[in-house]
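To start, the structure itself, in structure tokens.
The values are calculated or read from the model by the stated rules, or taken from the named source; none is laboratory data. Model, not experiment: these values are computed from the prediction. Don't worry about glycine lacking a Cβ; one is built from the backbone with ideal geometry, like all the others, and counts go over all protein chains shown.
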Amino acid sequence: MPQYPCGNCALCRAGDYVYCEDTYDFAEFTGTRDGSGTFAHYVVKPSWLLLPIPERVTYEQATMAIDGIGASFGGMQAIGVGAFDTVLITGLGPVGLGGIINARFRGARVLAVEPAPWRAALGLELGAEVVLHPQDDPLARIRDLTDGRGVDCAVDCSGSVAGERLCIDAVRRRGRVAFVGECSQELPIKVSPDLIRKGLLVSGNWLYNMQDYEGVMQVIAESPLIDKLISHVMPMSNIQEAFGLLAAGEAAKIVLHPWA
């Protein structure tokens, strides 16, 4: 789990820990900020949040349980992505690339949008039918690819207003949209034409809850291309190089070994 849920509020008691209403302030709880960051040898967590890694999953693969696979897994659970759906994924950073793996594991058809050539190429390798450039009128292309109807589901992993807006425009009537990418900018929406008259289901999603952990690990263990999501493995001392690769759009998930 990504934070420090109280375990006592109504949402925690319902098993919805990730949306805890009274998350602990780490410094207040422990007296220091040391131990709250993850670019470190150790991280401090309550023991009840620590779940076992299955024997068939390596440590490197298990790191995909958060942003690599976990973030989009929660979104797809919320909107019910299934084998008969065509899914749009906007943004192919580590989260969006993991979204392709999640969608293909469910048997869905995947269309994606991504400007970075390296990530677009990897998206195709992971199972996207097509990866469109955001400047090449992706909405028109998506409609062509869906016989004018639009996609059944859309998952924004870009964290951009353009990506979010494309998801709303590209889904069919009675379609489902999950917002997974973090974004603090205003998204222009006209409630009647965009939501009510189309009958859209729109869901905001932050990762997943503990009851979904087994499902996340199943995707990691059984997806044949999961190791392609890990583009680089390097020692923690190379962290600046890792950030540079991510900023250039030339990496998927980077695993840092704290003891190397």
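List of remarks:
- Considered as a group, the residues in the stretch 183-226 that are in contact with an Asp or Glu (Cβ under 8 Å, 6 or more places away or on another chain) and outside the structural domain of Ile79 (by TED's automatic domain parsing) include one that is surrounded by the fewest Cβ atoms within 10 Å (Cβ to Cβ), and that residue is Leu225.
- Checking Pro46, Pro5 one by one, the residue that is within 22 Å of the chain's Cα centre (by Cα), within 27 Å of Gly204 (Cβ to Cβ) and at pLDDT below 90 is Pro5 and no other.
- Unique residue being within 14 Å of Ala71 (Cα to Cα) and touching a Gly at 6+ places or on another chain (Cβ under 9 Å) when the list is Ile220, Ile230, Ile226: Ile220
- Counting the residues of the stretch 130-150 that are in contact with a strand residue (DSSP E or B) (Cβ under 6 Å, 6 or more places away or on another chain) and closer than 23 Å to Ala252 by Cβ gives 5.
- Hey, Ala83 on the phi < 0 side of the Ramachandran plot, surrounded by fewer than 19 Cβ atoms within 10 Å (Cβ to Cβ) and in a helix (DSSP H, G or I) or not: no
- Scanning the stretch 161-218 for residues that are among the polar types (S, T, N, Q) and in a loop (DSSP other than H, G, I, E, B), we see that the one that is nearest to the chain's Cα centre (by Cα) is Asn205.
- Neighbours by Cβ (under 8 Å, 6+ apart or cross-chain): first from the stretch 64-79, assigned to a helix (DSSP H, G or I); second at pLDDT 95 or above and among the polar types (S, T, N, Q): Ser72/Asn102; Phe73/Asn102; Gly75/Ser203; Met76/Asn102; Ala78/Ser203; Ile79/Ser203
- Screening the stretch 241-260 for residues that are free of Cβ contacts under 8 Å to residues at least 60 places away in the same chain and more than 20 Å from Arg119 (Cα to Cα) and picking the one that is surrounded by the fewest Cβ atoms within 10 Å (Cβ to Cβ) gives Ala260.
- Matching residues in the stretch 152-173 - criterion: being of a type in the set (S, T, N, Q) and either crowded, with 22+ Cβ neighbours inside 10 Å or within 19 Å of Ala108 (Cα to Cα) (or both): Ser158
- Summed over the stretch 109-149, residues that are surrounded by fewer than 22 Cβ atoms within 10 Å (Cβ to Cβ), small (Gly, Ala, Ser) and part of a loop (DSSP other than H, G, I, E, B) total 3.
- When the stretch 179-209 is limited to residues that are in contact (Cβ under 8 Å) with a residue 40 or more places away in the chain and not hydroxyl-bearing (Ser, Thr, Tyr), the one that is farthest from Val18 (Cα to Cα) turns out to be Leu201.
- Residue within the stretch 229-237 that is part of a helix (DSSP H, G or I), exposed (fewer than 13 other Cβ atoms within 10 Å of the Cβ) and more than 19 Å from the chain's Cα centre (by Cα) present: yes
- Scanning the stretch 119-160 for residues that are farther than 17 Å from Gly93 by Cα and under 17 Å from the mean Cα position of the chain (by Cα) returns a single hit, Cys153.
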